[in-house]
Amino acid sequence: MTAPDPGLERWRLILGSPAERRTGPLGGEAAARDAALDWLYGRDPEQARRGVRPGAREGGDGPSAVTAVDWLDDIHRLFPKETIERLERDAVELYEIHEIVTDPAVLERVEPNPTLLRAVLRTKHLMNPEVLRLARRIVETVVRRLLERLKPEIRRSFSGTRSRRPSLLPSARDFDFRGTVRANLAHYQPDERRILIERPRFHSRTRPHLEQWQLILLVDQSGSMVDSVIHSAVTAASLWGLPGLKTHLVAFDTDVVDLTADVTDPVELLMGVRLGGGTDIARAVDYGTRLIDNPRRAIVALITDFYEGGDPYRLVRGVRALTEQGTTVLGLAALDEDANPAYDRELAQRLADAGAHVGAMTPGQLAAFVAERLGR
């Protein structure tokens, strides 16, 4: 029996079982991939509309009662990491297969990733204490990875500015190219047209005198803003304790909850966040305004999709009052690592007209913005 043609197998996987009359049947591993894909995407009602029968795979033993545990084992064996993350994301977000994050057997073996973290935060209210304990592993692992990646970037933003004075501490980012060339011209080799570097030069950095500033993060915790909640918690934890900066973290829907006391433990903070509900942005801005000590040394970062469920006129008035008293107001449509914004552009424009800076920033960009204000 001849082995299936790989090119035809790929087309068969793309086009589905109706194409098998032209492409021929799938081989062993390709058939297993097809079964794993069908377990998930066979739920799509669009297939029924097109007349595709779920589980209709010729040449197999027929559909079996595959559990979420079996399926996860299969996809981790059959697909590369990027594909696995996409399949898990579709399972929990597109098809709402909650057992992936509420079944203890699944949680014990699943590899933590941002998709599963979002799913845990959305479904933790469904979990009993034992499942919640297992789910916490996902939260802890993903938050630790985010902190490891983000904290050095944020700390660099606050490390001071370059000085003309040389430094005895070698650092690639402070390498003084012109000074190094001048200091080593005596070692120029005309035949080889190069300079031998015996004494590299580096810039030193000065840390300006920092007056006390406040950063007040107001984070929309409606269900659509889960990425912003995650990255705001991690950003606040990374900023906590920096000289010259007092950080507040406030979550809101129709209620306002001050989370500043838990900001040093983003895992505990996220496990306590309640996602969903309506949105009253104006109420959050009023609360943030009451936290301000020195208006001209305060930054209010409003992280939301700007879909106001409260009074938009009250919100615009509140933002205008802040900017008129000298407070910097940022309206951030997204605060995840990719900064993909989806927001009410009309209300965002009204806030911009009231003096707010509206746009999208990654956590690192926000930190750089804050550091630049502190250094003034």
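The values are calculated or read from the model by the stated rules, or taken from the named source; none is laboratory data. A quick note: this is a predicted structure, and the numbers were derived from the prediction, not measured. Heads up: the accessible areas ignore ligands, DNA and RNA and are worked out on the full protein's heavy atoms, side chains in. Shrake-Rupley method; radii C 1.70, N 1.55, O 1.52, S 1.80 Å.
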Residue by residue through the stretch 304-314, which ³J(HN,Hα) values in whole Hz follow from phi under the Karplus form 6.51 cos²θ - 1.76 cosθ + 1.60 (θ = phi - 60°), with glycine and proline marked x? 7, 8, 6, 8, 7, x, x, 9, x, 5, 5
Tell me the per residue accessible area of the stretch 195-335 using a 1.4 Å probe; a whole number in Å² is fine. 39
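For the stretch 272-376, with all protein chains present and a 1.4 Å probe, just round the carbon and sulfur fraction of the accessible area to a whole percent.
Carbon-and-sulfur percentage of accessible area, whole number: 43.
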With the Cα gyration tensor of the stretch 232-356 giving a ≥ b ≥ c as the square roots of its eigenvalues, does the rule (a/c under 1.5 for rounded; else a/b larger than b/c for prolate; else oblate) give rounded, prolate or oblate? oblate
Row for the stretch 244-304, column shape: gyration tensor on C-alpha, a ≥ b ≥ c, rounded if a/c < 1.5 i.e. under 1.5, prolate if a/b over b/c, else oblate; value oblate
Give me, ordered by chain and number, the residues 5 or more places off Trp213 or on other chains with an amide H under 5 Å from its own placed amide H. Leu245, Lys246
Over the stretch 64-158, with every protein chain in place, what whole percent of the accessible area is carbon and sulfur at 1.4 Å, could you tell me? 49
